[in-house]
Amino acid sequence: IILLVNIKRVGEFTGPRFKYLENSGPIIVTTLSIFVSYVSDSASRGIPVVGFVPSGFPDCTVALWTPVIGGGRTAVLVLSVITMGFMKHLSMARQFAEKGKYYLNPSDELIGLGLSNLGGAAFQSMPVMAVYSRCGVNLDAGGKTNLTSAI
C-alpha cells in the first residue's frame, strides 16, 4: 500500500513527464508482487499461492439447460430480481452518460445486459451487472472506450 501511494504521488508531483504513473500504480504493484512471489519461491516457504489454474474456457453447457421446476413461483422472483438489477444498472449508466456527455439508449442497455448474461450462462460465468467502482475509476482516469476495462 505504501508503494502504491508513493507511485501515485510521484505521478502527481513530477509534472507531465511521469503523469502516467498516477493511474498505473495498481498494475505496477501487481506485476512487482507477482515477480517477487515467483523469484522468492513463496510456496516452498509456506506462503499460500494460487495453485493450478486450468487453461482454456469452461465447457459449453447449453445442452444441459432444462426447464425450471415450480415455474410460476420462481418466475415471479426471477422477474423481480431482473427488474431491480436492470433499474440499478440503468441508473448508474445514466449518471455516467451525464458525466461523460454522451447519449444513452435504455433499449440498447437492456439488450446488451441480456445478451451478455445469456452468453455468460452458456459458459458458467457469474451474472453480469453494473460495476460502480470500476466504471467510476475508468471515468476518473479519463477512459473513453471499453478497452479501458481490460487494463
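Checking each residue in region 39-49 for being part of a helix (DSSP H, G or I) and either at pLDDT 85 or above or touching a Leu at 6+ places or on another chain (Cβ under 8 Å) (or both) picks out only Val39. Considered as a group, the residues in region 110-149 that are modelled with pLDDT under 70 and either of a type in the set (A, V, I, L, M, F, W, C) or not in a helix (DSSP H, G or I) (or both) include one that is surrounded by the fewest Cβ atoms within 10 Å (Cβ to Cβ), and that residue is Val131. For region 42-63, the condition of being without any contact (Cβ under 8 Å) to a residue 12 or more places away in the chain, open to solvent by less than 80 Å² (accessible area, probe 1.4 Å), aliphatic (A, V, I, L, M) and within 24 Å of Asp140 (Cα to Cα) holds for none of the residues.
Of all residues in region 73-106 being more than 19 Å from Asn117 (Cα to Cα), of a type outside the set (Gly, Ala, Ser) and not in a loop (DSSP other than H, G, I, E, B), which is modelled with the lowest pLDDT? Restricting to residues being more than 19 Å from Asn117 (Cα to Cα), of a type outside the set (Gly, Ala, Ser) and not in a loop (DSSP other than H, G, I, E, B), the top hit is Arg73.
The values are calculated or read from the model by the stated rules, or taken from the named source; none is laboratory data. No experiment lies behind these values; they were computed from the predicted model shown. No Cβ is skipped: glycine too gets one built from the backbone with ideal geometry, and neighbour counts run over all protein chains shown. Surface accessibility is based on the protein's heavy atoms, side chains included, excluding ligands, DNA and RNA. Shrake-Rupley method; radii C 1.70, N 1.55, O 1.52, S 1.80 Å.
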